[in-house]
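Student: Below is a structure I'd like to ask you about.
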Amino acid sequence: MSALLALCTTPDEETAARLARALVEERLAACVNRIAGVRSTYRWGGDIHDGAEVLLLIKTTRERFDALKSRLPGLHPYDTPELIAFEAADGLASYLGWVAAQTAAQ
């Protein structure tokens with residue numbers, strides 16, 4: 001089992017809460033932290049934008065990441081949602097086991 005930490009920005013707290021709940025309910029994530037107060041600066045449509053967003057820290061597994069990648073665009077309001085993931089290099093075995101158990105397909 002390989003744990004991943006995935007990042008995804010959302011436009012507001014309501015969207016962040018809805019996405020977090022759906023991902024956990026569908027066992028695509030064991031836990032999703034919502035961090036409000038993030039400011040993002042990016043180029044979109046030829047213009048530079050700066051705005052408030054809510055960052056999701058999504059705890060999942062390598063085994064469930066393809067399903068998460070497939071599901072997220074249908075849940076997310078952005079045309080091109082951010083979704084990038086990092087391997088968890090290490091962690092408490094009990095926590096990593098919990099992540100695996102919570103994301104196991106039922």
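The values are calculated or read from the model by the stated rules, or taken from the named source; none is laboratory data. These numbers come from a predicted model, not from an experiment. Cβ: placed from backbone, ideal geometry, glycine included. Neighbour counts: every protein chain shown.
The rows are residues; the columns are (1) at pLDDT below 95; (2) surrounded by 10 or more Cβ atoms within 10 Å (Cβ to Cβ).
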residue	(1), (2)
ARG34	no, yes
GLY45	yes, no
ASP50	no, no
GLU53	no, yes
LEU56	no, yes
LYS59	no, yes
LEU68	no, yes
TYR78	no, yes
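Student: Name the single residue, out of those in the range 92-106 being more than 13 Å from THR60 (Cβ to Cβ) and in a loop (DSSP other than H, G, I, E, B), that is modelled with the highest pLDDT.
Tutor: Checking each candidate, the answer is LEU92.
Student: Another one. Exactly one condition in (1) over 12 Å from the mean Cα position of the chain (by Cα); (2) not in a loop (DSSP other than H, G, I, E, B) is not met by PRO77; state its number.
Tutor: (2) is the only condition that PRO77 fails.
Student: Would you be able to tell me the number of residues in the range 80-92 that are charged (D, E, K, R) and surrounded by fewer than 15 Cβ atoms within 10 Å (Cβ to Cβ)? First the steps, then the outcome.
Tutor: Here is the first cut: in the range 80-92, the residues charged (D, E, K, R) are 82, 87, 90.
Next cut, surrounded by fewer than 15 Cβ atoms within 10 Å (Cβ to Cβ) only: 87, 90.
Number satisfying all stated conditions: 2.
Student: Restricting to the range 18-74, give me the number of residues that are part of a strand (DSSP E or B) and under 12 Å from the mean Cα position of the chain (by Cα). If you could, list the steps in order and put the result at the bottom.
Tutor: Initial filter on the range 18-74 (part of a strand (DSSP E or B)): 31-44, 47-61.
Pick out the ones that are also under 12 Å from the mean Cα position of the chain (by Cα) and you get 31-35, 54-61.
Count: 13.
Student: Note down all Cβ pairs under 6 Å where the first residue falls in the range 39-61 and is touching a residue at least 12 places away in the same chain (Cβ under 8 Å) and among the acidic types (Asp, Glu), the second is part of a strand (DSSP E or B) and surrounded by 12 or more Cβ atoms within 10 Å (Cβ to Cβ), and they're at least six residues apart or on different chains.
Tutor: From the range 39-61, the pairs are GLU53/THR9; GLU53/VAL38; GLU53/SER40.
Student: Also, quick follow-up: Go through the residues of the range 12-20 one by one and say whether even a single one is β-branched (Val, Ile, Thr), surrounded by 15 or more Cβ atoms within 10 Å (Cβ to Cβ) and closer than 15 Å to PRO81 by Cα. If you could, list the steps in order and put the result at the bottom.
Tutor: Applying the first criterion (β-branched (Val, Ile, Thr)) to the range 12-20 yields 15.
After this cut, where a residue has to be surrounded by 15 or more Cβ atoms within 10 Å (Cβ to Cβ) as well, the list is 15.
With the extra rule that they be closer than 15 Å to PRO81 by Cα, the set shrinks to 15.
Yes.
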